Every structure is written in structure tokens, then in C-alpha cells.
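J.: Before I ask anything, here is the structure I am working with.
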Amino acid sequence: MFVSAPAAQAEVRWMVQQDSAMIAALDQAHARAQHSYFTQYILTDGETGYLVLDEGDYGRLPADLEGRVIDAVPGKLSDEF
């Protein structure tokens, strides 16, 4: 199979952008988890790439959101001593 150089470059550029967006979402989830009792969920989003939601924002995630979860970071705060 032959792929032109511009097409290959465009594909690599797209993959790097996706990886950068995923890393940024994961960093945001970890930062938010440090100050939260709730799990932080990373979801796919067609418009922005990735979205971070706090479990406390919605209680249990609706089924349509649960299907888009790709990672979860547990909250770091605890009331138990």
C-alpha cells in the first residue's frame, strides 16, 4: 500500500494532537482529584476531543456518558481518619 508523504504527515500530526489532548485531560483529572472526594472521569467528546467530569457534578453518570468514559482517577480526599 502506498501513502503519500503529505497524507502520512497529516496522519502523524493528527495522532500527536490526539495524544496531547489526552495527556492534558489526564493531567486535569489528576489535578482535580487532589482536591476532591469524587472520582474524575475522562470522556471522549466529538467537539473538544476529551472532557473531564467530576462524579460529584452528576452523581452517578447517565448511561450515555458512561459509554464514553475512557479513564477514571479516584478522588484523593477522605473523611475517614
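Every read-out reported here was derived from the displayed coordinates using simple, explicitly stated rules and does not represent laboratory data. Nothing here was measured: the structure is a model prediction, and the numbers come from that model. Don't worry about glycine lacking a Cβ; one is built from the backbone with ideal geometry, like all the others, and counts go over all protein chains shown.
J.: Taking +1 at the Cβ of each Lys and Arg and -1 at the Cβ of each Asp and Glu, which of Gln17, Tyr37, Val69 sits farthest along the dipole of the chain towards its positive end, judged by Cα position relative to the Cα centre?
T.: In the chain, that residue is Gln17.
J.: Treating only the Cβ of Lys, Arg, Asp and Glu as charged (+1, +1, -1, -1), what charge dipole size does the chain show about its Cα centre? Round to the nearest 20 debye.
T.: My answer is approximately 220 debye.
J.: Please list, by residue number, every one of the GluC sites (Glu not before Pro) in the chain that is coil in DSSP and has at most 10 other beta-carbon atoms within 10 Å.
T.: Passing both the DSSP loop test and the Cβ count: Glu47, Glu80.
J.: What FRET efficiency would be calculated for the residue pair Glu47, Glu80, taking the C-beta separation as r and a Förster radius of 35 Å, to the nearest 0.05?
T.: The value I calculate is 0.35.
J.: Would you please give the residues with an amide H less than 5 Å from that of Tyr50, counting only those at least 5 places away or on a separate chain, with H modeled from the backbone geometry?
T.: Sorted by chain and number, the residues that satisfy this are Asp45.
J.: Show me, for the range 6-18, the HN-Hα J-couplings you get by feeding each phi into the Karplus relation (A = 6.51, B = -1.76, C = 1.60, θ = phi - 60°), rounded to Hz, glycine and proline as x.
T.: Listing the rounded values in order: x, 5, 5, 5, 5, 5, 4, 4, 4, 5, 5, 5, 5 Hz.
J.: Now a separate question. Would you please give the residues with an amide H less than 5 Å from that of Asp71, counting only those at least 5 places away or on a separate chain, with H modeled from the backbone geometry?
T.: Amide H to amide H, under 5 Å and 5 or more residues apart or across chains, Asp71 pairs with Ile42.
J.: Then there's this: For the range 70-77, take each phi angle, set θ = phi - 60°, evaluate the Karplus expression 6.51 cos²θ - 1.76 cosθ + 1.60, and give the result in whole Hz per residue in order, putting x for glycine and proline.
T.: Result, rounded to whole Hz: 10, 7, 9, 10, x, x, 9, 7.
J.: Okay, next question. Tabulate in residue order the Karplus-calculated ³J(HN,Hα) for the range 19-32, using 6.51 cos²θ - 1.76 cosθ + 1.60 with θ = phi - 60°, rounded to whole Hz; enter x for Gly and Pro.
T.: Values, residue by residue: 4, 5, 5, 5, 5, 5, 5, 5, 4, 5, 4, 5, 5, 5 Hz.
J.: Here's a follow-up. Could you list Val12, Val73 so that the one with the fewest beta carbons within 10 Å of its beta carbon is first and the one with the most is last?
T.: Val12, Val73
J.: May I ask you to derive the relative contact order of the range 5-73, considering only C-alpha pairs under 8 Å and at least 6 residues apart, and to give it as an integer percent?
T.: Over the range 5-73, the number comes to 29 percent.
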